[in-house]
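Here the structure comes first, spelled out in structure tokens, and everything after it is commentary.
The values are calculated or read from the model by the stated rules, or taken from the named source; none is laboratory data. Values in this document were obtained by computation on a predicted structure and should not be read as measured data. So basically every Cβ, Gly included, is an ideal-geometry build from the backbone, and we count neighbours across all protein chains shown. Areas reflect the complete protein model, heavy atoms only, side chains present, ligands, DNA and RNA absent. Shrake-Rupley method; radii C 1.70, N 1.55, O 1.52, S 1.80 Å.
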Amino acid sequence: MERSFKAMLSRENDHAMHKGLASIDEKFDEGVSQALVSLTEIGKGYLSKRKELEAERTVSSIKEIGRAAALKGMENAAVNAIRSLEQMLQCSMKQNMEGTTVSVLLSFGTIGKIAAEQQLEMVAKLAASVLGISGNTAALLNREREVIAVTIGLGEIGKAVVGTKFPDYSENAAICISCLGETGKLAAQKILEEAAIGAELMLEEMAAAAMKENLQSAAGSIATSIEEIGKSAEEEEMENAVFQAVSALQTIMSSEGNRYLNEASIVAKVALESFNEFDIINDEANIKKIEDVREMMRALWVNTK
């Protein structure tokens, strides 16, 4: 009986996903909306029964619809996909089902990144805002893997935003920078070192993208956020996170594009001076730890595509 019920739900899941994708091809918003409602209910049913693999499959179906909608420039459909994922997120966090929660968080990043590339400002902003709230919640609950997923999603959206000529790119970039900074700082305060390093890594990548586009103000804001995370890490004596903060600030200050003291390099230089008294030892061990975190984050992101 249980097996036949699962098979029925699986068929319903596949049917709803195909209906949603077909509706996107036809640019039929109502059909997409109906498919997302069905998938959300199926997914919540799986989560209530703690069937994580099945729930993650439903998350993947919703993500694919949101992704396709963003690629087609269907703003309302992409927003609805994010709203469906939000409902899944609430259930998975309540059930403390980490695997599904991480899948949902990374899905926000996927949809938000594509939306940014397609210049769907509202969708990118919504995805980043939801991630920012989720990151703070996860950090307060000491759920480090979830915080790391948030930093990946925010970083990917942020890099796409600064690489695109948005009419209001600065607002979208500011949201990503602010959310990454806040989540990273909170992670450091909660002694979630890998999550704090993750936020610093994504901010550093965002800074590189910003400097490539000569967005000095954005790069300067990023340097300030990295400094705040690093100082919080220093207070908790988390050497690796401090090391990454200092390394990222040095990169911003001495970037090839910063051959003279411009806004970003000045901010980074001042920030670096606040770490002068910190004696970093064991550089090789620090570098290995940073690379381990970077590789783990890369694997998480690649696996969600």
Discussion item. Take the conditions modelled with pLDDT of 95 or more, of a type in the set (Asp, Glu) and open to solvent by less than 50 Å² (accessible area, probe 1.4 Å) and apply them to residue 86. Does it pass?
Written reply: yes
Worksheet item: How many residues are farther than 15 Å from residue 182 by Cα, in contact (Cβ under 8 Å) with a residue 40 or more places away in the chain and surrounded by 23 or more Cβ atoms within 10 Å (Cβ to Cβ) when one looks only at the stretch 242-251?
Response: 3
Discussion item. Quick check on residue 255: is it of a type in the set (S, T, N, Q) and in a helix (DSSP H, G or I)?
Written reply: no
Response to the item:
Filtering the stretch 117-131 for residues that are closer than 15 Å to residue 80 by Cα and either in contact with a strand residue (DSSP E or B) (Cβ under 7 Å, 6 or more places away or on another chain) or not in a helix (DSSP H, G or I) (or both) leaves a count of 1
Worksheet item: Across the stretch 137-154, which residue is surrounded by the most Cβ atoms within 10 Å (Cβ to Cβ) among those that are charged (D, E, K, R) and either free of Cβ contacts under 8 Å to residues at least 24 places away in the same chain or assigned to a helix (DSSP H, G or I) (or both)?
Response: 146
Discussion item. Of the conditions (1) touching a Gly at 6+ places or on another chain (Cβ under 6 Å); (2) open to solvent by 50 Å² or more (accessible area, probe 1.4 Å); (3) within 17 Å of residue 12 (Cβ to Cβ), residue 52 satisfies every one except a single condition; which number is it?
Written reply: (3)
Discussion item. Out of 247, 232, I need the residue that is out of contact with any Ser or Thr (no Cβ under 8 Å at 6 or more places or on another chain) and over 21 Å from residue 162 (Cβ atoms). Which one?
Written reply: 232
Item to complete: Run residue 96 past the list (1) buried (at least 19 other Cβ atoms within 10 Å of the Cβ); (2) more than 22 Å from residue 178 (Cα to Cα) and report the number of the one that doesn't hold.
Response: (1)
Worksheet, complete the sentence: Going through the stretch 8-33 in order, the residues found to be open to solvent by less than 80 Å² (accessible area, probe 1.4 Å) and closer than 19 Å to residue 72 by Cβ are 16, 17, 19, 20, 21, 22, 23, 24, 29, 31, 32, 33
Worksheet item: Considering only residues of the stretch 196-239 that are farther than 24 Å from residue 134 by Cβ and of a type in the set (S, T, N, Q), which is least open to solvent (accessible area, probe 1.4 Å)?
Response: 216
Fill in: Test for residue 134: is it in a helix (DSSP H, G or I), surrounded by fewer than 20 Cβ atoms within 10 Å (Cβ to Cβ) and modelled with pLDDT of 95 or more
no
Worksheet entry | Selected residue (criterion: modelled with the highest pLDDT) from residues of the stretch 255-287 that are within 17 Å of residue 196 (Cβ to Cβ) and not small (Gly, Ala, Ser) | 287
